Amino acid sequence: MPESSHSVESLYVHVPFCAQKCSYCAFYSEASSGELINRYVAALVREMEMVADDLKPRTIFFGGGTPSLLNLKQWEQVLRAMERLNLNRAAEWTVECNPATVSLDKAKLLRDFGVNRISMGVQSLDENLLDRLGRIHSREMVFKSFDILRKAGFENINLDLMFAIPTQTMETWQATLTEAIAMESEHLSTYEVIYEEDTPLFAQLKAGEIDVNEDLACDMYEELVRRTVNAGFQQYEIANFARERNSGNGETAKRGDGDPEIPAFACRHNVNYWRGGSFHGLGPSATGYVGGVRTKNWSNTQMYCDQLEKGKRAIESREELAPLARAGETAAFGLRMVAGWPFQEFQKTTGHDLRQHWAEDMNRLIEQGWGKLREDRFQLTEQGLRFADSAAEMFLR
Ligand SMILES: C[S@@+](CC[C@H](N)C(=O)[O-])C[C@H]1O[C@@H](n2cnc3c(N)ncnc32)[C@H](O)[C@@H]1O
Ligand code: SF4
């Protein structure tokens, strides 16, 4: 099997705290006291110590929750531990931030320790919609925090935007797009609203208080692709857009991961994920994928801390798929990327030949106008990408 006896090159860390829960969000996080956060930080450092020998991260991603909610002291504890464990030299190191919890001190601290990419949850630049979503920040805070991040030296910033938000019109979406594009970030991640069970937004939907308009959502997506591409972004995944150059100094970042069809400022951490690479996942509810085994940590911060305080990892479940099934999942996932699957790369990652086991499925997609075969790869067409979930399902074994 091609799977590694060598080091894992990606690290995801889940920070399970938010100042307040947004009305749509089902990620594992809670509003919490400083005491539990301190306990979490100590537990996280222990978990890092347990995997450090097996880890040489090229990409690191601190997601959440709201990693920027940790205070300076807590961040310093995490960063010093990472330095001590030699986990601080990633080519790409992202931290997710909420615009309400960014300060110059914190941004500089992160930058000084090697964090070089920030992903900021903007969602919308319309005050009413921010309110509707239960966001704790204003539109002004978005602009202010963005300036702070630039001032602290971040030259690779992503903005998260949401569309098809209840009551959002095409006009408000266009206005947000115009302003977000004018900020000249290097990357945009976009999300169509998902009505997740056990969220206030889901309850409103069930109570008939929300008018879902799928045609408008499709039009908003088309507008998004048109506007971002016109503004010089390259769409490299269904909902992710990156620049080829840094807008500040015009330098081209080192191309990610050897595929010339992936733009320089693509999120390399996610590219590794979509292309079936392994990664350690630390923190409550985090998933990991190492040596073909998928693990999931307990989605309970107290329990997570209890386990680590006893010197044990906090793994709730382990799942090992048969190699062909695993390759099928990897095929399906990678097709979300516009660059599709280079055959060689697929073989290297999974040990299987895409052209051998999935020839019929690829032909069917080509006949349908959803797939495109090239000399070195298979990819979805523009239309195929719209229906990527259905297309990808064909590859599961
Ligand atoms: C973990 S959050 C990002 C960072 C930070 N917690 C924040 O919100 O500012 C990742 C992103 O997922 C998106 N998201 C979360 N829940 C969603 C949902 N139900 N539907 C669509 N997008 C969602 C939001 O755009 C959010 O920024
Ligand atoms: S969207 Fe971000 S800030 Fe809002 S609850 Fe989810 S993780 Fe927390």
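The values are calculated or read from the model by the stated rules, or taken from the named source; none is laboratory data. This one's a predicted model, so the numbers in the text were calculated from it and none came from an experiment. In this analysis, Cβ positions are derived from the backbone assuming ideal geometry, glycine residues included, and neighbour counts consider all displayed protein chains. Remember, those area values only see protein heavy atoms, side chains included, never the ligands or the DNA or RNA. Shrake-Rupley method; radii C 1.70, N 1.55, O 1.52, S 1.80 Å.
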From the residues in the range 157-196 that are in contact with a Phe, Trp or Tyr (Cβ under 6 Å, 6 or more places away or on another chain) and crowded, with 20+ Cβ neighbours inside 10 Å, which one is farthest from Asn213 (Cα to Cα)? Glu186
Conditions (1) closer than 16 Å to Asp160 by Cβ; (2) more than 12 Å from ligand 1 (Cβ to nearest atom) -> Val15 fails only (2)
Of the residues in the range 10-38 that are within 19 Å of Gly281 (Cβ to Cβ) and among the aromatic types (Phe, Trp, Tyr), the one that is farthest from ligand 2 (Cβ to nearest atom) is Tyr12
So Ala164, is it small (Gly, Ala, Ser) and in contact with a strand residue (DSSP E or B) (Cβ under 6 Å, 6 or more places away or on another chain): yes
Being closer than 26 Å to Phe61 by Cβ, in a helix (DSSP H, G or I) and either among the acidic types (Asp, Glu) or within 23 Å of the chain's Cα centre (by Cα) (or both): is that true of Tyr221 here? yes
How about the range 63-77: which of its residues are more than 21 Å from the chain's Cα centre (by Cα) and either buried (at least 23 other Cβ atoms within 10 Å of the Cβ) or not polar (S, T, N, Q) (or both)? Leu72, Lys73, Glu76
Starting from the range 371-396, keep only residues that are open to solvent by 10 Å² or more (accessible area, probe 1.4 Å), then list their pairs with residues that are of a type in the set (S, T, N, Q) whose Cβ atoms are within a distance under 6 Å, requiring at least 6 positions of separation or different chains. Lys372/Gln379; Lys372/Thr381
Restricting to the range 129-156, what's the tally of residues that are within 15 Å of ligand 1 (Cβ to nearest atom), at negative phi, part of a loop (DSSP other than H, G, I, E, B) and not hydrophobic (A, V, I, L, M, F, W, C)? 3
Index of the failed condition, Val102 passing every other in (1) in contact with a helix residue (DSSP H, G or I) (Cβ under 6 Å, 6 or more places away or on another chain); (2) closer than 25 Å to Val271 by Cα: (2)
Inside the range 53-80, the number of residues satisfying the requirement of being in contact with a Lys or Arg (Cβ under 9 Å, 6 or more places away or on another chain), under 26 Å from Ser278 (Cβ atoms) and of a type outside the set (S, T, N, Q) is 4
Can you spot a residue in the range 305-327 that is under 30 Å from Asp219 (Cα atoms) and out of contact with any strand residue (DSSP E or B) (no Cβ under 6 Å at 6 or more places or on another chain)? no
Lone qualifier among Leu133, Leu129, Leu110 - being free of Cβ contacts under 8 Å to residues at least 60 places away in the same chain, buried (at least 18 other Cβ atoms within 10 Å of the Cβ) and within 16 Å of ligand 2 (Cβ to nearest atom): Leu129
Checked against (1) farther than 23 Å from Phe279 by Cβ; (2) aliphatic (A, V, I, L, M); (3) part of a helix (DSSP H, G or I); (4) within 16 Å of ligand 1 (Cβ to nearest atom), Val122 satisfies every condition except (3)
Could you please let me know if Val8 is of a type in the set (Val, Ile, Thr), crowded, with 19+ Cβ neighbours inside 10 Å and within 10 Å of ligand 1 (Cβ to nearest atom)? no
